[in-house]
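Colleague: Before anything else, here's the structure in question.
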Amino acid sequence: MRWPRSWIASPRPTPGRPLLTATYPYVFDPEHAPLEARAAAFAGTGTIRDRVAALGAAGLLARRDTRSLAVVRRQLAWRDPLDDLAFVIQELGCTPLERANALPEVVASARSGARVLVFGLTEPNAGSDVRGIETRAVPHGGGYRLTGTKHFISNAPDCDGAVVFARLGEHVGCFFVEQPPTSAQNVAAHSIGRLELDDTPAVLVAERGLSLAFATLERCRPSVAAAAVGLATRALDETRTYVQTRRQFGAPLAALPVVRHRVAEMAVELESATLAMLHACWKRDAAAPGERTGYTSAVGKIVATEAAQRIIDTAVQLHGGVGVEESSVVQQLYRAVRPLRIYEGATDVLYTVIADHVLGTV
Ligand SMILES: Cc1cc2nc3c(=O)[nH]c(=O)nc-3n(C[C@H](O)[C@H](O)[C@H](O)COP(=O)(O)OP(=O)(O)OC[C@H]3O[C@@H](n4cnc5c(N)ncnc54)[C@H](O)[C@@H]3O)c2cc1C
């Protein structure tokens with residue numbers, strides 16, 4: 001197994017990097033500030049398994065509200081997106097089990113960092129349209145057996161257990177599979193693979209599994225926006241330092257009016273992305289039980305991930321040739337930000353959610 005390397009290894013961040021809880025105190029409760037400070041001090045290394053264990057030891061994996069996910073993900077993504085990946089996939093794995101009140105011992109060990117869980121929804125013939133799931137469950141003894149392939153499953157190569165969605169009669173059930181067989185896929189800056197299920201033993205979590213899957217994605221979607229904001233914040237920080245130190249035409253790049261304007265544009269985009277993300281997170285936390293927040297979550301994810309892509313593109317541009325060197329942070333940010341516009345609801349799919357909200361369904 002080839003472990004992903006820590007691709008944005010960096011010393012601790014720019015001194016004075018503002019915390020969300022300090023800049024936007026009106027969005028947060030008292031417990032969020034110490035949590036954000038703890039996430040800012042976190043520095044994982046090694047495999048996903050190592051990072052999950054370290055996150056557990058740092059007390060960052062406990063179940064918390066959506067604003068907590070956001071402050072943690074923004075900090076982790078800023079420094080090293082592999083830490084963010086380790087963090088959020090545990091959340092995706094635990095949430096369906098928690099919502100179904102199932103397998104508390106599995107949840108407890110995942111939340112302590114002792115066990116790596118993954119979330120297995122996507123299949124080769126069922127991506128955006130998960131109703132096309134083909135993986136099948138059949139009863140066997142007191143349990144079930146699953147057969148089918150899940151692909152693009154984050155952290156699959158490192159996992160100890162998988163929450164898997166599979167066809168069970170006319171419904172899609174939710175199952176738990178201990179030590180699923182896996183094979184690796186290759187996506188830059190990511191740990192990812194397939195679940196190769198072939199008559200694999202499984203435990204039933206819930207017969208109506210799709211509602212658990214959708215509720216899990218709805219809970220976590222605003223935090224994708226927070227990860228995007230973390231990557232974009234890092235891009236702006238790198239760019240600020242670079243244009244203030246790189247000299248051309250006898251002065252720092254930061255003296256050039258066009259460069260100043262581009263950096264100002266990055267800051268405006270980042271501010272609006274951050275506000276849309278915070279609104280989506282707050283809205284989820286303030287929602288009454290059963291209240292749907294799909295519209296604001298979709299808006300937050302689109303605004304933040306699309307803005308982060310543009311901010312990071314400008315960062316690469318302002319770094320010139322250095323910006324496309326393999327070793328440069330902004331080049332790595334460029335690769336890291338791209339999947340955020342695809343997973344947990346591709347931008348185009350989320351626009352259909354927004355259109356339905358505005359226009360109603362036809
Ligand atoms: C890095 C990464 C990590 C992932 N991690 C996980 C994971 O841990 N667990 C998991 O289950 N899945 C995971 N996924 C899978 C991810 O959720 C899917 O890639 C995503 O749902 C899109 O499905 P697809 O790739 O099959 O694209 P398709 O569904 O084939 O769609 C391709 C494109 O077509 C367009 N499109 C599709 N449907 C519509 C529509 N209704 N309206 C308008 N446009 C549309 C969009 O532009 C979309 O991007 C991951 C993917 C990536 C890239």
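Colleague: Are there trypsin sites (Lys or Arg not before Pro) in region 163-230 that DSSP marks as loop and that have at most 16 other Cβ atoms within 10 Å, and which are they?
Modeller: Passing sites in region 163-230 are 208.
Colleague: For the chain, return all DSSP H helices satisfying: extent of Cα atoms along own axis at least 24 Å; mean Kyte-Doolittle hydropathy at least -1.0. Before the final figure, lay out the partial values.
Modeller: Values: long enough: 81-99 (27 Å, 0.25); 209-245 (54 Å, 0.28); 257-286 (43 Å, 0.12); 294-318 (36 Å, 0.46).
Span-like helices in the chain: 81-99, 209-245, 257-286, 294-318.
Colleague: Still on this structure, please answer the following. Return one whole number: the accessible area per residue of the chain in Å², for a 1.4 Å probe.
Modeller: Value returned for the chain: 43 Å² of accessible area per residue.
Colleague: Let me ask another. Treating the beta-carbon of each Lys and Arg as +1 and of each Asp and Glu as -1, no other charges, what is the dipole magnitude of the chain about its Cα centre, to the nearest 20 debye?
Modeller: The calculated dipole for the chain is roughly 740 debye.
Colleague: On to the next question. Give the residue list of trypsin sites (Lys or Arg not before Pro) in region 274-362 that are DSSP loop and have at most 14 other beta-carbon atoms within 10 angstrom. Mind showing how you got there, number by number?
Modeller: Working: sites: 283, 284, 292, 301, 310, 335, 341; in loops: 292.
Here the sparse-neighbourhood loop sites are 292.
Colleague: Using alpha carbon centroids, what distance separates region 178-212 and region 19-52, in Å?
Modeller: 29 Å
Colleague: Sticking with this structure for a sec: For the chain, compute Rh as the Kirkwood radius over C-alpha pairs and then the Stokes-Einstein diffusion coefficient at 4 °C and 1.567 mPa s; write the answer in µm²/s, rounded to an integer.
Modeller: 62 µm²/s
Colleague: Take the solvent-accessible surface of the protein heavy atoms, probe 1.4 Å, and return the percent of it on the chain that carbon and sulfur atoms account for.
Modeller: Using a 1.4 Å probe with all protein chains present, the chain comes out at 56 percent carbon and sulfur.
Colleague: Moving on to the next point. Cut-off 10 angstrom, C-alpha nodes, Gaussian network model of the chain. Which of 320, 59, 141 fluctuates the most?
Modeller: Looking only at 320, 59, 141, the largest GNM fluctuation is found for 141.
Colleague: Hey, another quick one. Averaging sequence separations of C-alpha pairs under 8 Å and six or more residues apart, then dividing by the length of region 227-296, give the relative contact order as a whole percent. Provide the component values of the computation, followed by the final result.
Modeller: On the way: 30 pairs, mean separation 17.7, N = 70.
Result for region 227-296 is 25 percent.
Colleague: Work out the length of the dipole vector of region 212-359 about its Cα centre, built from +1 on the beta-carbon of each Lys and Arg and -1 on the beta-carbon of each Asp and Glu, and round it to the nearest 20 debye.
Modeller: 240 debye
Colleague: Can you compute the helix-only [θ] at 222 nm over the chain? Use -39500 (n - 2.57) per DSSP H run of at least 4 residues, normalise by all residues, nearest 500 deg cm²/dmol.
Modeller: The helix-only estimate for the chain comes to -16500 deg cm²/dmol at 222 nm.
Colleague: Further question on the same structure: So what is the relative contact order of the chain, in percent, for Cα pairs below 8 Å that sit 6 or more residues apart?
Modeller: Values: 668 pairs, mean separation 53.9, N = 362.
In percent, rounded to a whole number, it is 15.
The values are calculated or read from the model by the stated rules, or taken from the named source; none is laboratory data. Since the structure is predicted, the reported quantities are computational estimates derived from the model, not experimental observations. Note that we place each Cβ from the backbone using ideal geometry, even for glycine, and neighbour counts take in every protein chain shown. Heavy atoms of the whole protein, side chains included, go into the accessibility calculation; ligands, DNA and RNA do not. Shrake-Rupley method; radii C 1.70, N 1.55, O 1.52, S 1.80 Å.
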